1. For Lys8, go through the lysines and keep the ones whose alpha-carbon is under 23 Å away, minus same-chain ones fewer than eight residues off.
2. Taking the Kirkwood radius as the inverse of the mean 1/r across Cα pairs, report the Rg/Rh of region 1-120.
3. Whole Å is fine, so just give me how far the alpha carbon centre of region 6-71 lies from that of region 198-234.
4. Could you tell me which of Tyr51, Val154, Cys109 has its Cα farthest along the dipole of the chain towards the positive end, charges placed at Cβ (Lys, Arg +1; Asp, Glu -1), taken about the Cα centre?
5. Please compute the per residue accessible area over region 1-136 with all protein chains in place, 1.4 Å probe, rounded to a whole number of Å².
6. Would you calculate the volume per residue, in Å³, of the smallest convex hull containing every Cα atom of region 1-64?
7. Using only the heavy atoms of the protein chains and a 1.4 Å probe, how would Lys4, Lys161 rank by accessible area, largest first?
8. Protein chains only, probe 1.4 Å: how do Phe7, Phe216 rank by accessible area, largest first?
Amino acid sequence: MNIKAFFKVSYGLYIISAQHKGKLAGYIANTAFQVTADPPRFAISCSKDNYSIDIIRKSNAFSISVLDKNTSTELIGKFGYNSSSSINKFDGVNYIIAESGAPIVTDECIAWFDCQVEQEVVLNSHVIFIGKMVKNDLIDGSKEPLTYSHYRDVKKGVAPKNAPTYIDKGKLSEEAPVVQTETQSSGSSYSCDLCGYEYDPAEGDPDNGIPPGTLFEDLPDDWTCPICDAEKEDFSKQ
Ligand code: FE
């Protein structure tokens, strides 16, 4: 198996949301696809370990919010690296309630689809829900959608463990030994143990006031992972 081939499959990035009896749940997904045209149907893949799965099953509905290319790492971190069982991810986030009852995140999103579940396909680790579109809307037609490759290459994000496209970093290094780069020789890179984000000293973290060329060791003590908010001590040297 060539792990790197998986990186050549294209995806977008979305927030999938659902609601049951006032309990809101949502998560970041790259696996959301239109699978039929008439009527429009969408398929999503949800981990069995994901809190949202029960909410989707009980409500028989889900929404898909298409993330803007410039979506903040804060929003991705909030929905992608926390569980709806422990926090209300919708606190401080703008959303509307769809016809199906599912919430639809509208912050940093450019389009949305509200879907009623018609079928589910149970796999070993994930469930594929197929939903008929009830309604949709375009929030901002002038903006581009965020792709998974942009998230990985530019935002340095990686898929969390529950994602259908999760790749064990250990396996990746066995398959393709990491080549020593100029960046690494001018400072070690560190990765977040919780979300996998890699801090690259050559790039710094300009969104959070860290200029390019700042070594990990020189980051302020209160600096936290731009994706999941983990502390510096939760990072490991690569
Ligand atoms: Fe992190």
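1. Cross-link targets: Lys69, Lys155, Lys156, Lys161, Lys169, Lys171.
2. Values: Rg = 14.1 Å, Rh = 14.7 Å.
The Rg/Rh ratio comes out at 0.96.
3. Centre-to-centre (Cα) distance: 30 Å.
4. Tyr51
5. Numbers: 6270 Å² over 136 residues.
For region 1-136, the solvent-accessible area averages 46 Å² per residue.
6. Numbers: hull volume 6.9 nm³, N = 64.
In region 1-64, the Cα hull volume divided by residue count equals 107 Å³.
7. Values: Lys4 110, Lys161 150 Å².
Per-residue accessible area, sorted high to low, gives Lys161, Lys4.
8. Working: Phe7 70, Phe216 15 Å².
Reading off the accessible areas and sorting them downward yields Phe7, Phe216.
The values are calculated or read from the model by the stated rules, or taken from the named source; none is laboratory data. Please read all numbers here as calculations on a predicted model, not as lab measurements. We place every Cβ from the backbone using ideal geometry, glycine too, and count neighbours over all the protein chains shown. Heavy atoms of the whole protein, side chains included, go into the accessibility calculation; ligands, DNA and RNA do not. Shrake-Rupley method; radii C 1.70, N 1.55, O 1.52, S 1.80 Å.
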